[in-house]
Amino acid sequence: FLIRTSVLTAMSGPLCDATLGQTGSGGLLEALEDRNLLVLPLDSRRQWYRYHHLFRDLLSAELEKREPEAVAGLHQRAATWYEAHGMPEAAIDHARAAGDADMVARLVLVNANAVWASGRADTLQRWLRWFDDEGLIEAYPGIAAHGALMLALAGKPGDAERWATAAESS
């Protein structure tokens, strides 16, 4: 439980259940907190928790060592849960970690305008930059068009042109 839930930055019983494909995680989280096992509550109702960051780092390293093939699937299930529960930013983060470019693209396109309008251009730029870093801007013309617009508005005409060309060539 500890090792596999290390892919989560915040944990609730239902999220852990969905990520791990089991039940009873809420009670386990409460028991871990009661025993002071480096599980910290994030809310007064004790529905959300997190690991101490150093403990989480240790658990993540152990997961990578023991079950590297499980990491993407855990992130994928977390992304699906977050999306179903109206938390698109967390869903995008986990879909990126899972390498699910189709899910990331769909969620970014649905949420880009709201994120931009709320003044969080840096978040949108981070999402779009992931496609460039992964060499995927040509595969997603909608993403490329958003990237071109963002770069043009940021005063980067050369980069904006590259993204616009990618949007047109798809």
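A few notes on this one:
- Sub-8 Å Cβ pairs linking a first residue in the stretch 148-159 that is outside any loop (DSSP other than H, G, I, E, B) to a second residue that is exposed (fewer than 15 other Cβ atoms within 10 Å of the Cβ) and of a type in the set (D, E, K, R), at least 6 apart or interchain, are Ala148/Glu161, ordered by first then second residue.
- Test: residue in the stretch 63-71 that is part of a helix (DSSP H, G or I), touching a residue at least 12 places away in the same chain (Cβ under 8 Å), of a type in the set (Lys, Arg) and buried (at least 19 other Cβ atoms within 10 Å of the Cβ): no
- In summary, Ser170 fulfils each of the numbered conditions (1) among the small types (Gly, Ala, Ser); (2) modelled with pLDDT under 95; (3) open to solvent by less than 20 Å² (accessible area, probe 1.4 Å) with the single exception of condition (3).
- Listed by first and then second residue, the pairs linking a residue in the stretch 83-102 that is under 19 Å from Asp132 (Cα atoms) to a residue that is open to solvent by 20 Å² or more (accessible area, probe 1.4 Å) and in a loop (DSSP other than H, G, I, E, B), with Cβ atoms under 8 Å apart and 6 or more places separating them unless they lie on different chains, are Ala101/Glu134; Ala101/Leu136; Ala101/Tyr140.
- Selection of the stretch 45-55 for residues being of a type outside the set (A, V, I, L, M), exposed (fewer than 15 other Cβ atoms within 10 Å of the Cβ) and assigned to a helix (DSSP H, G or I) yields only His53.
- Qualifying residues in the stretch 29-44 (those that are of a type outside the set (D, E, K, R), open to solvent by 70 Å² or more (accessible area, probe 1.4 Å) and modelled with pLDDT of 90 or more) - the one nearest to Leu63 (Cα to Cα): Leu42
The values are calculated or read from the model by the stated rules, or taken from the named source; none is laboratory data. Everything numeric here is computed off the predicted structure, so don't read it as measured data. Backbone-built Cβ (ideal geometry, glycine too); neighbour counts: all protein chains shown. Only protein heavy atoms, including side chains, enter the accessible area calculation; ligands, DNA and RNA are left aside. Shrake-Rupley method; radii C 1.70, N 1.55, O 1.52, S 1.80 Å.
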